[in-house]
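A short reminder: the numbers here are calculations on the coordinates, not readings from a lab. Quick caveat, the model's predicted, so the values are computed rather than measured. Here the Cβ is made from the backbone with ideal geometry for all residues, glycine too, and neighbour counts use every protein chain on show.
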Ligand SMILES: Cc1cc2nc3c(=O)[nH]c(=O)nc-3n(C[C@H](O)[C@H](O)[C@H](O)COP(=O)(O)OP(=O)(O)OC[C@H]3O[C@@H](n4cnc5c(N)ncnc54)[C@H](O)[C@@H]3O)c2cc1C
C-alpha cells in the first residue's frame with residue numbers, strides 16, 4: 001500500500017521525535033518510522049533510568065566534531081532553557097545532580113511520555129516495528145517495507161549511532177548516506193570504558209570496584225602526531241577500576257578523545273601535596289610513612305598497590321619527589337576500548353561539511369536531512385548528547 005506524507009523521519013529516538021513535533025506543529029504531515037517494537041529505548045535507559053536530559057552549562061566546547069564550529073548555530077537556536085521550558089510545561093519534576101546535569105526526579109519515562117504527547121498534539125504518526133528495506137529517490141523519497149511504500153519530498157535520517165546494538169542501534173543511517181554519496185567521518189565508540197594491556201591487567205585487575213577522583217587527560221608527549229590537535233581537554237571526575245581496565249566519568253569523557261596509540265595521563269591526587277610531610281622531616285622516611293600519606297588521598301587498596309609498584313629505591317628527597325610525581329602523573333596506554341557494546345555514544349558519523357548547519361539538510365541531496373547522533377557531533381558526558389539531539393531535531397523540524 002502507498003502512503004504519502006510531507007516528511008518521513010526514520011528513527012523514533014530523541015532527535016527524530018523532536019523533529020517530528022516541530023514539523024507537525026508547522027502543519028506538515030509527518031510520519032516517524034522505527035524498526036524497533038518500542039520507541040525511544042535509549043531515552044528510557046539513559047541517565048541510569050532518570051534521563052540526564054540536558055546540561056545548563058552547554059557550550060560548543062562540550063562537543064567533538066571534525067568541524068568544531070558546525071554545532072554552534074543549532075545549539076544557539078535551541079538551548080537548554082528551551083528544553084527546560086518544555087519539561088516544565090509538562091510539569092515534569094527534575095533536579096540538578098552535579099555540574100549542570102539535569103535529571104528527572106521520577107523516571108526517564110516522563111521525558112518519553114512528554115515527547116509522545118507532543119507528537120500526538122502535533123498530529124504526528126508514529127509507526128514502530130516498521131522495517132524499511134530500501135530507500136530511494138525519484139521525484140520524492142520512497143521507503144519500502146515488506147507490504148508498504150512511504151513517499152515524501154523530505155526524509156530525515158535520525159537512526160542514531162552504533163552504540164548498544166541490543167538497544168536496536170544499526171548503521172542504517174550511514175548506509176543511506178553512502179547510497180546518496182554523502183561522506184562519513186570514520187566512526188568509533190565514545191564515552192566508553194578503556195581496556196588495559198596485559199601487563200596492567202595483571203597489576204590492577206583485582207582493584208576492580210575501587211574508584212578515585214582524578215584529572216584525566218590525553219598524554220600527548222610521546223606521540224604528538226597522533227594526539228588530538230584541537231584542544232587538550234582535561235576532566236576532573238571519578239575514575240573506576242574494572243576487571244579489564246578503567247571506567248568512571250573521567251575515563252568515559254577522555255575516551256572520546258582517545259585514539260589507539262595515545263596514552264592517558266591521570267593525576268590521582270589533584271591539587272594535593274601527598275608527600276610534603278615526609279619531605280619536610282628526615283626521620284620516619286619509610287614504606288609505612290609513605291603508605292600513611294597515600295592513605296590520606298587514595299583508597300586503601302589503591303594506595304597499597306601504588307606503593308608496591310612505585311616504592312623509591314632510596315628514601316632520599318629525590319626518591320620521595322619521584323613518588324609524588326608518579327601519583328600526579330600516572331600514564332597508561334590503553335590497549336583498546338570496550339567497544340560499541342558498552343559505548344554510550346558513537347563518535348564520527350555524517351560529515352558535517354555535507355550538511356547545512358542551520359537546517360541539517362544535505363547540500364548534495366535536497367530534502368534529505370541528518371540529525372542527532374548519526375551526525376559527526378558528539379557531546380561530553382552530562383546531558384550534552386540529548387541537547388544535541390533536541391537542537392538538531394528542532395532545526396530540521398523548522399525547515400520541513
Ligand atoms: C546507556 C546509555 C545512557 C545514556 N545516557 C544519556 C544521558 O543521560 N544523557 C545524554 O545526553 N545522553 C545519554 N546517552 C546518549 C543518548 O542516548 C544518545 O546520544 C541519544 O539517544 C541520540 O539520539 P538519537 O535520536 O540521535 O538516536 P537514538 O536515541 O539512538 O534513536 C535512534 C532511533 O532509530 C532507530 N533505528 C535504528 N536503526 C533503524 C533502522 N534501520 N530503521 C528504523 N529505525 C532505526 C532506533 O530504534 C532508535 O529508536 C546515553 C546512551 C546510552 C547508550
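Using only Cα atoms, find the angle between the long axis of helix 317-328 and the longest principal axis of the chain, and express it within 0 to 90 degrees, rounded to the nearest 10. Around 20 degrees separate the two axes. Helix 109-121 axis versus longest C-alpha principal axis of the chain: approximately 20°, rounded to the nearest ten. Looking at the chain, the DSSP beta bridges with both ends there are about 70 percent antiparallel.
The residues 361, 338, 175, when put in order of fewest to most other Cβ atoms within 10 Å, stand as 175, 338, 361.
Once the Cα atoms are used to define both axes, helix 80-89 deviates from the longest principal axis of the chain by about 60 degrees. Ranked by the mean number of other Cβ atoms within 10 Å of their residues, highest first, the peptides 2-12, 367-377, 104-114 come out as 367-377, 2-12, 104-114. Contact order, relative form, for the range 204-335: 28 percent (alpha carbon pairs under 8 Å, 6 or more residues apart, mean separation divided by residue count).
Please state the relative contact order of the chain as a whole percent: Cα pairs under 8 Å, 6+ residues apart? Working shown, then result.
Working: 897 pairs, mean separation 103.8, N = 400.
Taking the mean separation of contacting Cα pairs over the length of the chain, I get 26 percent.
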